[in-house]
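Heads up, the thing below is written out as structure tokens.
The values are calculated or read from the model by the stated rules, or taken from the named source; none is laboratory data. None of the values given here were measured: they were computed from a predicted structure. Counting neighbours? That spans all protein chains shown, and the Cβs are built from the backbone with ideal geometry, glycine included.
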Amino acid sequence: MPMYYPLGKLPTKIDTRTLKMNTFLKPEDELPSIPETYDIDVSMGCIIPLNDFGNKTWGDCVIAGRANLTQRFEFYEQKIVVPITTEDVLNQYWIEQGVLDPKCWLTKKLHLLPDRGLSMLESLDIWRKCGWQINKNEYNIYAFATLDAINEIKQSIYFLNGAYVGMQVSKSAMSQFNKGLLWEVPEIESPIIGGHAIAVIGYSPTDVTCITWGVKQKMTWDFFKKYTDEAYGVVDNKNSWSVNSILDVEKLTTQLNIITA
């Protein structure tokens, strides 16, 4: 019997106030060219231990994806691997579901904890406004924006150290994952079994690399385009982009002030 891991991304939500990445990128002729092949970890020379962050047991993929991106954001800024634990991720997962005492899982009162999944958009908003606790330190982001084209996905990976992607998982994809195979579109249409959030950290002309369920998983571009239903670029710290930035920081700040007024 195939193993089905939890799928906890709720249906895509639309908010017309959400920024679009192409509205605050600098003009095309001012942007550096993007390489055909790129991998964040290889480029930064970092070895970040892989962790499923509880996602093989709970539907916390939205926060697990956040954890994988946070580690890369902070390595870029601090040149250290932030030691995010499964406890950090699960605590935040239940906090965002309204659990007053998320650590009751430590006392084995698991029946008191909901496992309903999360909306990526709502969770991004919490990440930006409130941040989250990792080893008693708070980590938040400056902004996020939707990615509406493949080129923007690549720009987000290359310039912003990752893309935060939501997709629909089919039975065939789960089977391919369990066999350690490339994710690709099956010849015969396969039923969808749920929504999933992933951190995308690399690409080549033929495939995309993400982190999910504690491993690096590759997928074809056809698979990515068919099953992705939401994607975001995350601006971790505006100070990182103040000099020689691909972003128009002044325009970005103005837009944020408008939507948060």
Exercise for review: All but one of (1) surrounded by fewer than 22 Cβ atoms within 10 Å (Cβ to Cβ); (2) within 16 Å of the chain's Cα centre (by Cα); (3) of a type outside the set (Gly, Ala, Ser) hold for Val81, so report the exception by its number.
Suggested key: (2)
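For the stretch 153-171, how many residues meet the condition of being of a type in the set (Ser, Thr, Tyr) and not in a helix (DSSP H, G or I)? Give the derivation first.
Our first condition is that a residue be of a type in the set (Ser, Thr, Tyr); within the stretch 153-171, this holds for 156, 158, 164, 170.
Now restrict to residues that are not in a helix (DSSP H, G or I): 164, 170.
The total comes to 2.
Looking at the stretch 172-188, which of its residues are part of a helix (DSSP H, G or I) and touching a residue at least 24 places away in the same chain (Cβ under 8 Å)? Break it down into steps so the answer makes sense when it comes.
Taking the stretch 172-188 as the starting set, the residues that turn out to be part of a helix (DSSP H, G or I) are 172-178.
Answer for the stretch 172-188, where residues must be part of a helix (DSSP H, G or I) and touching a residue at least 24 places away in the same chain (Cβ under 8 Å): Ala173, Met174, Ser175, Phe177, Asn178.
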Exercise for review: Among residues belonging to the stretch 205-243 that are in a helix (DSSP H, G or I) and buried (at least 17 other Cβ atoms within 10 Å of the Cβ), point out the one that is modelled with the lowest pLDDT.
Suggested key: Trp241
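Determine, yes or no, whether Phe24 is touching a helix residue (DSSP H, G or I) at 6+ places or on another chain (Cβ under 8 Å) and surrounded by 19 or more Cβ atoms within 10 Å (Cβ to Cβ). Before you say what the answer is, go through the steps one by one.
Working: touching a helix residue (DSSP H, G or I) at 6+ places or on another chain (Cβ under 8 Å): yes; surrounded by 19 or more Cβ atoms within 10 Å (Cβ to Cβ): yes.
The answer is yes for Phe24.
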